[in-house]
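Notes for the one structure printed next.
The values are calculated or read from the model by the stated rules, or taken from the named source; none is laboratory data. All of these numbers come straight from a predicted model, not from anything done at the bench. A quick note on method: Cβ atoms are made from the backbone with ideal geometry, for glycine too, and the neighbour counts reach across all protein chains shown. Surface areas here come from the heavy atoms of the whole protein model, side chains and all, with no ligands, DNA or RNA. Shrake-Rupley method; radii C 1.70, N 1.55, O 1.52, S 1.80 Å.
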Amino acid sequence: MKIVIDGMGGDNAPYSVVEGACMAVNEYGVDIIITGDEKIIKDELNKYDCDKSKIEIVHTTEVITNEEKPVTAIRRKTDSSMVVALKMVKDKKADVVISAGSTGALLSGGVFIIKRIKGISRPCICAGMPTMEGGFTLISDTGANVDCNKQNLVDFARMTDIYAKKVLGIDHPRVALGNIGTEDGKGNALVKEAFEELKEIDGINFIGNMETREILNGVCDIVICDGFIGNIILKTMEGSVLSLFKKLKEVMTASTKSKIGALLMKGELKKLKELLDYSSYGGAPFLGVDGGVIKAHGSSDAVAIKNAINQGIKFYNGNVLEEIKNFGGLDEQ
């Protein structure tokens, strides 16, 4: 298999991409393609010790930024590092594409370049949220689809269930519907309709409604919601964790007494930070398009890139794409 990485996408690119790629080659022995400015990438690659025969550089002359309109950028910047990487997956020159660049552009490119799987109503982006138990809860959708119908939510559930089984190794993922209460009959019309559909699907361990405040407690493995709600959940959780650690730092450096206490608790605080660190998960897969697409966090460091590559390897080896195609094709018939 081959993984292609958008070498110019993300706040720390191409430096984090190159270092992460080298780490992945050393640890997993995977073949990697990096798209972007060849000179910059080569100069960075020379700093690291790895089997460079496993890393191919494809030179590109353009970069898509977060400030650009996604669809327009994808159509106009045909020699951008992101578009070239997406086309490599479309043309079967690579199996999975990873990018820490513009989320909107990557999702647009997934749909317009790689194309949607037939029989899937809409693709979804599936982000992993760390839990206090040391695991992850997958949230689908987290922004690809602001407006949804019940079939969209059902497809999100089925695709994410496959991903959790094949990539995360969870035998019977607990699937919940994000809601304002746990009782049957709660929620708006969309959620109520999706609830009735989900409880009838064989092979999915649907546990009913879940209040989103329980996500960090790990009460389920998958939360299903529309992209509007999912994006709010994700960004609220991320912001809360960042604010918490910022405030802890302020409190623990406010006086000599608190500094001593912080020093004594240094090990425990480090463990807590690692527990809630998004980089240990890697990235969010874009499920429902005809190729592996993984969106890494915009501020991904080398470890996050390496973990996203590992995620891509598991996506390919788990045959996720074919599993989704199988149920999508049946629905279409």
Just to be sure before I move on: is Val17 modelled with pLDDT of 95 or more, closer than 24 Å to Gly104 by Cα and open to solvent by less than 10 Å² (accessible area, probe 1.4 Å) in the structure I sent? yes
Quick one: in the stretch 90-109, which of the residues that are within 14 Å of Gly291 (Cβ to Cβ) and part of a helix (DSSP H, G or I) is most open to solvent (accessible area, probe 1.4 Å)? Lys90
For the stretch 111-141, give me the residue count where each residue is part of a loop (DSSP other than H, G, I, E, B) and closer than 15 Å to Val293 by Cα. 5
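For the stretch 187-215, name all the residues that are of a type in the set (S, T, N, Q) and either touching a residue at least 12 places away in the same chain (Cβ under 8 Å) or open to solvent by less than 60 Å² (accessible area, probe 1.4 Å) (or both).
Asn205, Asn209, Thr212
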Across the stretch 172-181, what is the total count of residues that are open to solvent by less than 80 Å² (accessible area, probe 1.4 Å) and farther than 13 Å from Arg158 by Cα? 3
Starting from the stretch 65-78, keep only residues that are farther than 17 Å from Gly298 by Cα, then list their pairs with residues that are in a helix (DSSP H, G or I) and open to solvent by 70 Å² or more (accessible area, probe 1.4 Å) whose Cβ atoms are within a distance under 9 Å, requiring at least 6 positions of separation or different chains. Val71/Phe112; Ile74/Phe112; Arg75/Phe112; Thr78/Lys87
Among the candidates Asp184, Asp161, Asp141, which residue alone is open to solvent by 50 Å² or more (accessible area, probe 1.4 Å), over 26 Å from Lys273 (Cβ atoms) and among the acidic types (Asp, Glu)? Asp184
Residues that are modelled with pLDDT of 95 or more, of a type in the set (A, V, I, L, M, F, W, C) and over 21 Å from the mean Cα position of the chain (by Cα): does the stretch 41-48 have at least one? yes
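Can Ile229 be described as touching an Asp or Glu at 6+ places or on another chain (Cβ under 6 Å), surrounded by 15 or more Cβ atoms within 10 Å (Cβ to Cβ) and of a type in the set (A, V, I, L, M)? Walk me through it before giving the result.
Numbers: touching an Asp or Glu at 6+ places or on another chain (Cβ under 6 Å): no; surrounded by 15 or more Cβ atoms within 10 Å (Cβ to Cβ): yes; of a type in the set (A, V, I, L, M): yes.
Criteria not met by Ile229.
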Tell me which residues, restricted to the stretch 26-78, are over 16 Å from Tyr15 (Cβ atoms), assigned to a loop (DSSP other than H, G, I, E, B) and of a type in the set (S, T, N, Q). Thr60, Thr61, Thr65, Asn66, Thr78
